[in-house]
Amino acid sequence: MIKFEHVSKVYDGKVAVVDDINFEIKRGEFVVFIGPSGCGKSTVLRMMNGTEKPTGGSVCLNDQDISKISETELKRNIGHVTQQTGLFPHLTIGANIRQASRLPRSKKRTDKCSNARIRELLKMVGMDPSEYIDRFPSQLSGGQQQRIGIVRELAKEPDILLMDEPFSALDPITRKNLQDDLKKLHGMVKKTIVLVTHDMNEAFKLGDRIVLMRHGKIVQADSSEELLRNPSSTFVEEFIGLNRPAKCTETLTVEKVAVEVPITASPDMGLARATRRMREMRVRTLVVVEDDETLIGIITARDIRKHKNRPGKIADIVQSDIPVISEGSSAKAAFEKLFLGNAGILPVVDGSNRLKGLVTRSSLAEKLYKVVWDTNGYDNNDSTTDLDVGATCS
């Protein structure tokens, strides 16, 4: 969807802020750019909406060079959220959102930003329309204003949402809540999101891929798991903190990195119903258990697709020979099974093989970062996980 080909940016004929980068962002991806100050990440972001012009190379949007796309067309297709929300102080929240939709692709698109559409958008970011639609920006907290800034850009119905350190000025609790909201929102609207941040924890939490830059070049572009598992250089190791002394690892058990309530299904559930459940819960795997929570195995969307032409139940195709981990085991043991053993997910069971939780690669990567490398992100006395959990299906 967005493609950089040998892109460079040089100011005043001197040092290259962006130095011959090649990179591609796919439709629906959540990509996070991170790196030291001055590494070029914000310049790369601004090149995506045409506010910065490359000195060399080309930036393409859907195979069309951005330099050949009008500014109006770019604004229609690309939303931009920054630290400063830019809300109009004299307009209500509803009017602010409606104002943003005045770059329509068609008259039909303008009609979409009715009061009903505005109320729908507010609900998507957890704000009660009846409480907030008629308020003014000065009556909102910083976090609430940032939510409205995101909603205002979504009202344009852009294909791409660019975010330049949108949460950096917020307090830690508000920031975490907005990160959670943004992650859920991406799952709901499936927009292509590109975010710039200085916060490695934020990058690990949000990004499908993380692009680490240094001196105008891309050093490594990978998932959080791959960055942890195979850092490409000493710089990557140092930047993400792999050389810091691990703390609290002796007491870090699998319970602290597990999803508290995995999404489960009974073995007699039909395959069609299982497919619907996966779609409703936005997951690709269900953990199969008996009525007393005894673990049977797992079933994936791929398993169901292989048998889509015949009716059946989960029990007919369940994967029962799967790796598990016992309560009280170390997080290190979970890491070895998930990353070194290439397990997809890891059910946590008690001595009677009853399901107690689930460790996923993303939950483990996020928690390990907080506990081992983020000196401000973990409380030694905290024995619970703060990860979102989902729901139980029966």
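The values are calculated or read from the model by the stated rules, or taken from the named source; none is laboratory data. Remember, predicted model here, so these are calculated numbers, not experimental data. Neighbour counts are summed over all protein chains in view; Cβ atoms, including those assigned to glycine, are modelled from backbone coordinates with ideal geometry.
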Report summary line: When restricted to Val359, Val287, Val324, Val371, the only residue under 24 Å from Lys183 (Cα atoms) and at pLDDT 90 or above is Val287
**Report entry** Pairs where the first residue, in region 332-361, is assigned by TED's automatic domain parsing to the domain that holds Ala265 and the second is basic (Lys, Arg), C-beta under 6 Å, 6+ apart
**Finding:** Leu338/Arg361; Phe339/Arg229; Ala343/Lys337; Leu346/Lys337; Val348/Lys356; Asp350/Lys356
Query raised in the report: Quick one: what pairs do we get from region 201-228, first residue farther than 21 Å from Arg175 by Cα, second hydroxyl-bearing (Ser, Thr, Tyr) and surrounded by 18 or more Cβ atoms within 10 Å (Cβ to Cβ), C-beta under 7 Å, 6+ apart or different chains?
Result: none
Query - Which numbered condition Glu327 fails, given (1) touching a strand residue (DSSP E or B) at 6+ places or on another chain (Cβ under 9 Å); (2) under 25 Å from Ile304 (Cβ atoms) - result: (2)
Requested in this report: Pick out the one residue from Glu29, Glu24, Glu52 that is under 22 Å from Asn77 (Cβ atoms), surrounded by fewer than 17 Cβ atoms within 10 Å (Cβ to Cβ) and assigned by TED's automatic domain parsing to the domain that holds Lys75.
Outcome: Glu24
Query - Residues (over 21 Å from Thr43 (Cα atoms) and either modelled with pLDDT under 90 or touching a helix residue (DSSP H, G or I) at 6+ places or on another chain (Cβ under 8 Å) (or both)) located in region 209-233 - result: Ser223, Ser224, Glu225, Glu226, Leu227, Leu228, Arg229, Asn230, Pro231
Query - Only one of Ile193, Ile210, Ile218 that is under 30 Å from Ala116 (Cα atoms), surrounded by 15 or more Cβ atoms within 10 Å (Cβ to Cβ) and not small (Gly, Ala, Ser) - result: Ile193
Report task. Inspect region 2-16 for any residue being under 27 Å from Glu157 (Cβ atoms) and surrounded by fewer than 20 Cβ atoms within 10 Å (Cβ to Cβ) and give the result as yes or no. Result -> yes
Requested in this report: Restricting attention to strands (runs of 3 or more DSSP E) lying wholly within region 1-79, give those where 2 or more residues are over 21 Å from Val219 (Cβ atoms).
Outcome: 56-61
Report summary line: Just one listed residue, out of Glu280, Glu260, is modelled with pLDDT under 90 and either under 14 Å from Leu355 (Cβ atoms) or not assigned by TED's automatic domain parsing to the domain that holds Leu358 (or both), and it is Glu260
Report summary line: Of (1) outside any helix (DSSP H, G or I); (2) within 20 Å of Gly351 (Cβ to Cβ), Asp268 fails just (2)
Query raised in the report: How do the helices (runs of 4 or more DSSP H) wholly within region 279-353 filter down when requiring 2 or more residues that are among the β-branched types (Val, Ile, Thr), under 23 Å from Met269 (Cβ atoms) and touching a helix residue (DSSP H, G or I) at 6+ places or on another chain (Cβ under 9 Å): which remain?
Result: 314-317
Report summary line: Subset of region 34-48, residues modelled with pLDDT under 90 and among the polar types (S, T, N, Q), comes to Ser37
